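The values are calculated or read from the model by the stated rules, or taken from the named source; none is laboratory data. As the structure is a prediction and not an experimental result, all values here were calculated from the model. Neighbour counts run over all protein chains shown; Cβ positions are idealised from the backbone, glycine included. Just the protein is used for accessible areas: all its heavy atoms, side chains included, with ligands, DNA and RNA removed. Shrake-Rupley method; radii C 1.70, N 1.55, O 1.52, S 1.80 Å.
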Amino acid sequence: MSRSIKRVAIVGAGVIGAGWAARCLAHGLDVVAFDPLPGAEARMRASVANAWRPLAQRGLAAGADQARLKFSSSLAECVAEADFVQENAPEREALKQGLLADIDAAAPAHALVATSTSGLLPTVLAARMIDPGRLVVGHPFNPVYLLPLVEIVAGEKTRRESVTSAKAFYKSIGMRPLVVRKEIEGFIADRLMEALWREALWLVNDKVATTEEIDAAVIYGCGLRWSLMGTFLTFHLAGGEGGMRHMLHQFGPALKLPWTKLVAPELTDALIDRVADGCEDQAAGRSIQQLEQRRDAFLIELLGLVQKYWPEAEGLGERI
Ligand SMILES: NC(=O)c1ccc[n+]([C@@H]2O[C@H](COP(=O)([O-])OP(=O)(O)OC[C@H]3O[C@@H](n4cnc5c(N)ncnc54)[C@H](O)[C@@H]3O)[C@@H](O)[C@H]2O)c1
């Protein structure tokens, strides 16, 4: 398990699988992918090609080459010589349980196995593996080839060494691993995003605001601060010289006010139309690919800014 990782298997080559592949290739690794959907290889290669320009802007490792991506026609062949397997199949518990058991049966004994699940428990996902000790959650963020965060979550049977090795591997491909201390559904970041997302849906549902107005509230307000200081340190400053203690004293009572609902509204057809149409209006005819290019260019500059303003440790969380 401690040998160096040279060959990565990507199982499931959709949005996230292609993102992992691009990141690994850019770091000079060999990548073998598998996805049973017809046309998956061509789509994956196109996604990797789209990611290459921003990756090149960030700096490619020696030997980095899109040609080092191979596509297998079988799962067993895909993982047979892997040092690290990253599973990115659809977010369905039974499907992932079966797939992880198949990966476990076909991958070399030393290979680490990670799942990109957005919030399913690793103990549950490992239920059918013979060696559940090698499974970790490695939950990334889209676009995986640019965003550094990856949440690592251990299941009840995960070996400590698997967490350590996964953390070292993700660091070696330019990421910021965050080891989640307890195994909980939704982990950390998706719990936070989900809370905001539920409230945003309520605001649209109750006709308080359009999707564009809610996005503006994030873009020009809280989002700008979050990208540098997250939620706690941002509020620490909201208390002035008194810091977080004063902030809690002053705004603590508001926590009892009915500002948030926290339970999601019913996804009625009317709400789905309002949200989806709102996003189409905001996109104003720009394709997903055009929007991705704009997002990637912005993220590259933003990452530079975060590094510039947290030079001590390239941001918080390094102590974990
Ligand atoms: N999209 C995101 O923003 C995001 C972020 C973090 C994590 N995730 C997680 O990553 C995983 C993949 O999500 P996605 O957004 O890439 O989905 P996606 O639908 O884009 O891709 C899933 C891919 O898995 C393939 N697949 C289906 N059955 C398979 C099988 N048996 N073996 C191998 N591949 C199979 C599909 O053909 C498809 O190409 C999910 O667990 C999701 O929760 C998604």
Fill in the blank from the handout: Contact order relative to length for the chain, counting C-alpha pairs under 8 Å separated by 6 or more residues, stands in percent at 13 percent
Practice task
Take every DSSP beta bridge whose two residues both sit in region 112-225, then give the antiparallel share in percent to the nearest 5.
Solution key: 35 percent
Problem - Choice from Ile16, Ile103, Ile300 showing the highest fluctuation, given a GNM over the chain with Cα pairs closer than 10 Å - result: Ile300
Handout entry: the chain, dipole about Cα centre (Lys/Arg Cβ +1, Asp/Glu Cβ -1), debye to the nearest 20
Key = 980 debye
Problem - Per residue Cα convex hull volume in Å³ - calculated over the chain - result: 160 Å³
Problem - Accessible area of the chain belonging to carbon and sulfur atoms, whole % at 1.4 Å probe - result: 59 percent
Fill in the blank from the handout: Within the under-15-Å Cβ sphere about Trp259, not counting Trp259, Lys/Arg +1 and Asp/Glu -1 give a net charge of +1
Handout entry: Rotationally averaged projected area of region 1-68 (alpha carbon convex hull; nm²)
Key = 4.8 nm²
Exercise for the section: Report the local net charge at Ala101: Lys and Arg +1, Asp and Glu -1, summed over other residues whose C-beta lies under 12 Å from its C-beta. Expected result: -2
Practice task
Compute the length gained on full extension between Ala264 and Val179: take 0.36 nm times their separation in residues and subtract their Cα-Cα distance, giving the result in nm to one decimal.
Solution key: 27.8 nm
Handout entry: Per-residue [θ]222 nm for the chain (sum of -39500 (n - 2.57) over DSSP H runs n ≥ 4, rounded to 500)
Key = -14500 deg cm²/dmol
Practice task
In debye, nearest 20, what is the charge dipole magnitude of region 161-320 about its Cα centre with +1 on Lys and Arg Cβ and -1 on Asp and Glu Cβ, if you could check?
Solution key: 740 debye
Practice task
Take the alpha carbon gyration tensor of region 201-320, find the square roots of its eigenvalues, order them as a ≥ b ≥ c, and report rounded if a/c is under 1.5; if not, report prolate when a/b exceeds b/c, else oblate.
Solution key: oblate
